[in-house]
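The values are calculated or read from the model by the stated rules, or taken from the named source; none is laboratory data. Please read these numbers as outputs of a predicted model, since none were measured by experiment. Glycine also receives a Cβ, built like all others from the backbone with ideal geometry; neighbour counts cover every protein chain displayed. SASA here: full protein model, heavy atoms, side chains in, ligands and nucleic acids out. Shrake-Rupley method; radii C 1.70, N 1.55, O 1.52, S 1.80 Å.
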Amino acid sequence: MSKLVAIVGRPNVGKSTLFNRLTGTRKAIVSDEAGTTRDRQYGKCEWGKQEFSIVDTGGWVVNSDDIFEGEIRKQVSLATEEADLILFLVDIKNGVTDLDQEVAGILRRHHTPVILCANKTDNNEDRYTAAEFYSLGLGDPFCISAMSGSGTGDLLDEIISKLGKDNEATSDDDNIPRFAVVGRPNAGKSSIINAFLDEDRNIVTDIAGTTRDSILTRYTKFGFDFYLVDTAGIRRKNKVTEDLEFYSVMRAIRSIENSDVCILMLDATRGIESQDLNIVQIIQRNNKSLVVVVNKWDLIENKTNEAIKHYENTLRERLAPFTDFPIVFASAVTKQRIFKVLETAKEVYLSRKRRISTSKLNEEMLPLIEAYPPPSMKGKYIKIKYCAQIPDVQIPSFVFYANLPQYVKEPYKRFLENKIRERWNFTGTPINIFIRQK
C-alpha cells in the first residue's frame, strides 16, 4: 500500500492548487473564496518511479462557530491521523499569522513528520521574507509556487526521501471498477458513502450543496474492491448561480463519464422529479450502468408490498424505454439495506463485463429470429443468418448480419435486445445492437 501525504494549512494558502500540481490533474476545485474545499480529496503522485497517495484538505480553522468549518476541522484531523507525512502550507505573501501559529502548535505535538512549505513564492525577492517562518518551529521552509510549479521538484525529492523507497509505482488502479453516487442535492449521497465506510468520510449537513468536489474513496471491505465516488448534487442549469457550484456540477458530470456504474440516489419523500430524469439521460448518453437507490425509506409510513410495487412501476414508467435496472429501497441513516446496494452494484458491474460465446448466442437467437423475422420492406424479405458479441468494448454490444441491414428498424432492434435480456442477465446495463451487411 502506498504512503499517504496530507496537505494542511489555513484557508486560501493554495492547498488545492498544490494538490492539482503534484497529482498532475484538476480534480480539486480552486477558487479565491475561503472554504472552497470541504471534504478530503485523494489522489496519486508519481516521482522518480516512486508513487505515493496525497490528500487535499479544507482550510484548518479553530474556534469557529460555522457548521462547515467545524466539519472541515474534523476532516483535517482525520487526514493528519492517517497520514505518513504532512505538508504544512503557509502563504509567504501574508507572513506568519496567528492561525499559522496555532496550527503549527498542533503539528509540533503530532508524531507525524512535517514539511513546511512557503507557497506563492513567485520571485526571488519573496525568498528573503521566508526566514520569519522559522518561528513556527518546524524546520526549514521550502519556498515553492504551486501556481507556476517553481520549487515543487525539490519538494517532491524531499517527500520521497522522507517516505522511503518501498512504494514502487503501480498501475492496478485502472482495472478497479468505479461506482459513482449521483443525484440531486440533499438526496443522501455523502450519507450513504459514510454508511458504507462506517466512518465520517464525507461532510454531511442539511444544507444543499455541501459536497463540492467529486470525492474518490477505495472500498476494500467484505471481499469488495472498487472506488466509490461521491459527487456534488446536480441541479438544473437555471438553478446554478455560483461559479463554485457550476464547477461542482461539472465535476459530478465528469465523474459519471469516468465511472462504470452510477448509483442514482432518489429521495423517497419527494419521489422522482424532472431533474432525476435529466441525470438518467446523462448516464444513458455516456453508456453507464445504473442502480437506483430510493433513500430515506425509513421516513415512509406506508411500506407495504403494494406500495413498493407501485413505486417501482412508477419509476420504470418514468425512466422508459430503459426499464431493466435494479431498484433498492434503503436508508443511509438506519443503514437499512445499504449492503444490498453494494451487492447490486457489483452484480451490475459483472453483467456489464459478461461475454456470451458466439455458438451459444446463435443457438438461442437464430430460432427466435426465424420464428419472428424482421417485417418485409418494399416487398423484400430480410434474413438474419448470423450474430456475435463484439469483444473489448465499453458495454455489451451485439452485431447481427443481414442481407438488407438498412431495412431493419429500431422496434426490431429493441425486440432483439429484449430477447437477449430474457436469456442472459444484463440488468442495469445498456446494450448496443448493430445490424451489418452479411
The one condition V393 fails out of (1) within 22 Å of D324 (Cα to Cα); (2) surrounded by 12 or more Cβ atoms within 10 Å (Cβ to Cβ); (3) of a type in the set (V, I, T) is (2)
When you check S248 against the structure, is it within 25 Å of A195 (Cα to Cα) and either at pLDDT 70 or above or among the β-branched types (V, I, T) (or both), yes or no?
no
Flagged pairs (Cβ under 7 angstrom, 6 or more apart or on separate chains; first in the stretch 88-103, of a type in the set (D, E); second surrounded by 18 or more Cβ atoms within 10 Å (Cβ to Cβ) and part of a loop (DSSP other than H, G, I, E, B)) are D91/V13; D91/K120; D100/R10
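Per-residue answers, yes or no, for (1) over 30 Å from I435 (Cα atoms); (2) touching a strand residue (DSSP E or B) at 6+ places or on another chain (Cβ under 7 Å); (3) of a type outside the set (D, E, K, R):
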{"position": "N287", "(1), (2), (3)": "no, no, yes"}
{"position": "W297", "(1), (2), (3)": "yes, yes, yes"}
{"position": "F322", "(1), (2), (3)": "no, no, yes"}
{"position": "T334", "(1), (2), (3)": "yes, no, yes"}
{"position": "R354", "(1), (2), (3)": "no, no, no"}
{"position": "K383", "(1), (2), (3)": "no, yes, no"}
{"position": "A388", "(1), (2), (3)": "no, yes, yes"}
{"position": "F398", "(1), (2), (3)": "no, yes, yes"}
Does V292 satisfy being touching a Ser or Thr at 6+ places or on another chain (Cβ under 7 Å), surrounded by 14 or more Cβ atoms within 10 Å (Cβ to Cβ) and under 19 Å from A187 (Cα atoms)?
no
Identify the single condition in (1) in contact (Cβ under 8 Å) with a residue 40 or more places away in the chain; (2) of a type in the set (F, W, Y); (3) farther than 30 Å from V328 by Cα that F400 does not satisfy, given that it satisfies every other one.
(1)
Output the residues belonging to the stretch 418-438 that are open to solvent by 40 Å² or more (accessible area, probe 1.4 Å), assigned to a loop (DSSP other than H, G, I, E, B) and at pLDDT 90 or above.
N425, T427
How about the stretch 332-355: which of its residues are farther than 23 Å from L299 by Cα, open to solvent by 90 Å² or more (accessible area, probe 1.4 Å) and among the aliphatic types (A, V, I, L, M)?
L350
Selection count, the stretch 377-417, where residues are assigned to a loop (DSSP other than H, G, I, E, B) and aromatic (F, W, Y)
1
Within the stretch 155-213, residues among the hydroxyl-bearing types (S, T, Y) and at pLDDT 55 or above come out as S161, S190, S191
